[in-house]
1. For the chain, what mean projected area does the convex hull of the alpha carbons give, in nm²?
2. How charged is the neighbourhood of ALA434? Take every other residue with its Cβ under 14 Å from the Cβ of ALA434, and add Lys/Arg as +1 and Asp/Glu as -1.
3. Could you pull out every Cys in the chain that lacks a partner Cys with its beta carbon under 4.7 Å away?
4. May I have the pair-distance distribution P(r) for region 69-208, computed from all Cα-Cα distances with 5 Å bins from 0 and rounded to whole percent?
5. Taking every alpha carbon pair in region 129-273, what does the distance histogram look like in 10 angstrom bins from 0, in percent?
6. If a/c stays under 1.5 just call it rounded; otherwise compare a/b with b/c (prolate if a/b is bigger, oblate if not). Do that for region 382-461, with a ≥ b ≥ c from the square roots of the Cα gyration tensor eigenvalues.
7. Using only Cα positions of region 278-382, each an equal point scatterer, no hydration layer, compute I(q)/I(0) via Debye at q = 0.18 Å⁻¹ and quote the log10 values to two decimals.
8. My understanding is that a pair violates if its Cα-Cα distance is over 32 Å; which of LYS97/LYS373; LYS214/LYS318; LYS73/LYS221; LYS284/LYS370; LYS248/LYS297; LYS51/LYS284 do that in this structure?
Amino acid sequence: MADYDVIIIGGGPGGYVCAIRCAQLGLKTACVEGRETLGGTCLNVGCIPSKALLHASHSLHEAEHNFAKMGLKGKSPSVDWKQMLAYKDDVIGQNTKGIEFLFKKNKVDWLKGWGSIPAAGQVKVGDEVHKAKHIVIASGSEPSSLPGVEVDEKVVVTSTGALELPKVPKKMVVIGAGVIGLEMGSVYARLGTEVTVVEFLDAITPGMDSDLAKTFQRALKKQGLSFVMGAAVQNVDAKKTKATVNYKLRKDDSDHSVDADVVLVATGRRPYVDGLGLDTLGVKMTERGQIATDHWKTSVDGVWAIGDVIEGPMLAHKAEDEGMAVAEAIAGQAGHVNYDVIPGVVYTAPEVASVGKTEEQLKDEGRAYKVGKFSFMGNGRAKAVFQGEGFVKILADKDTDRVLGVHIMGPAAGELIHEACVLMEFGGSAEDLARTCHAHPTFSEAVREAALACGDGAIHA
């Protein structure tokens with residue numbers, strides 16, 4: 001048994017960042033994690049490994065489609081799937097070991113095992129009970145499935161199984177056209193898999209600006225992904241090496257089916273709170289199974305919650321921000337998260353990134369706004385690297401010119417979006433951005449041009 005100022009349950013992005021920040025603020029800190037490695041879903045079976053496979057498969061695409069155009073002649077590379085998976089695992093290892101190093105550097109104790117909270121101020125790990133003035137629940141989330149769909153992580157897989165298939169399948173059905181499904185579908189499509197995406201709604205990437213979503217879907221179709229929209233999956237009939245996805249089209253209630261070697265279930269995630277003892281403790285929950293919080297405080301004094309287990313987008317960086325904010329609040333400081341400026345990124349090619357309000361949200365609010373838009377076809381550097389597809393779209397208040405939302409599809413969109421985030425964090429206007437000198441030639445010039453389009457007009461359009 002040991003006494004701590006803070007014990008964090010969960011070693012994912014929210015938990016480990018919270019632990020390090022607590023230690024930096026002089027609090028005696030421990031982090032409970034039952035995996036063999038730190039980093040949670042994100043580093044082990046989520047964000048990081050999927051980005052490794054996206055990079056590898058995009059490199060293959062470049063070799064197959066663009067190298068010859070640049071005078072790089074030769075035989076296209078073949079895919080060594082085992083080596084690609086080994087590269088992915090090496091990337092995971094480097095990152096998870098890095099967190100271990102940071103824990104040692106900051107004197108954070110790693111309590112290895114699965115944690116529960118038998119009473120306020122106590123955390124049980126294995127047979128040991130540790131005391132803490134504050135407990136932070138950062139236990140993350142797990143994939144959610146559908147009725148009639150049984151996951152075996154072999155033929156019917158979640159994103160976890162999709163990251164370690166024994167071979168590249170000939171046919172894959174992705175259930176769900178959200179970020180995870182489209183990213184993993186994109187990986188396998190580049191590797192030669194015939195990918196069909198089955199989505200219940202009539203548009204991909206729910207919540208995304210519709211202008212962006214439509215353009216994004218067209219780009220993915222050109223890359224070979226097929227889409228069945230407005231389809232309600234009834235069940236998956238899985239055999240040893242094959243599966244059939246049965247669905248009804250909502251428009252006419254007609255029955256259809258599609259066969260595949262692998263079915264990826266990408267229908268979202270749900271909070272993971274199993275085994276924590278929250279019922280016994282009396283922690284209030286929401287109707288959607290999330291932990292109810294008020295500025296990250298739960299209904300039990302001294303118990304906090306962050307990340308995927310509470311309301312808000314299930315994003316690693318949202319959890320990280322909450323982790324730092326909670327650490328600062330526990331230390332007596334003013335922890336803060338600006339939920340209006342949390343970017344979202346889809347790491348396909350082209351990348352897609354958004355922050356702030358969509359055009360649909362502004363219309364629903366009845367807010368007067370203006371739109372500045374610029375195509376990457378007008379950007380010299382984008383055209384030079386065969387990435388002229390896509391655009392930057394800026395939404396600004398009609399009267400004040402304050403930037404309310406930015407939506408990008410194009411090269412390095414996941415990096416470009418942060419120019420908008422910094423601007424919005426300081427309440428900046430489209431004119432502020434338009435009057436800021438941008439280096440030439442860069443992708444970011446497209447952002448400036450979109451800002452100019454909010455005023456008198458873009459220069460290169």
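Laboratory data are not the source of any read-out in this text; all were calculated from the coordinates shown. Fair warning: this is a prediction, and the values are worked out from it, not measured in the lab. Cβ: placed from backbone, ideal geometry, glycine included. Neighbour counts: every protein chain shown.
1. 24.4
2. -2
3. Here CYS18, CYS22, CYS31, CYS421, CYS437, CYS454 come out as lacking a disulfide-compatible partner, given the Cβ-Cβ threshold of under 4.7 Å.
4. 2, 7, 11, 13, 13, 12, 12, 12, 9, 5, 2, 1, 1, 0
5. 11, 40, 32, 10, 5, 2
6. Because a/c hits 1.5 or more and a/b exceeds b/c, region 382-461 counts as prolate.
7. Listed by q, the Debye log ratios stand at -1.00.
8. Table pairs above 32 Å Cα-Cα are LYS97/LYS373; LYS284/LYS370; LYS248/LYS297; LYS51/LYS284.
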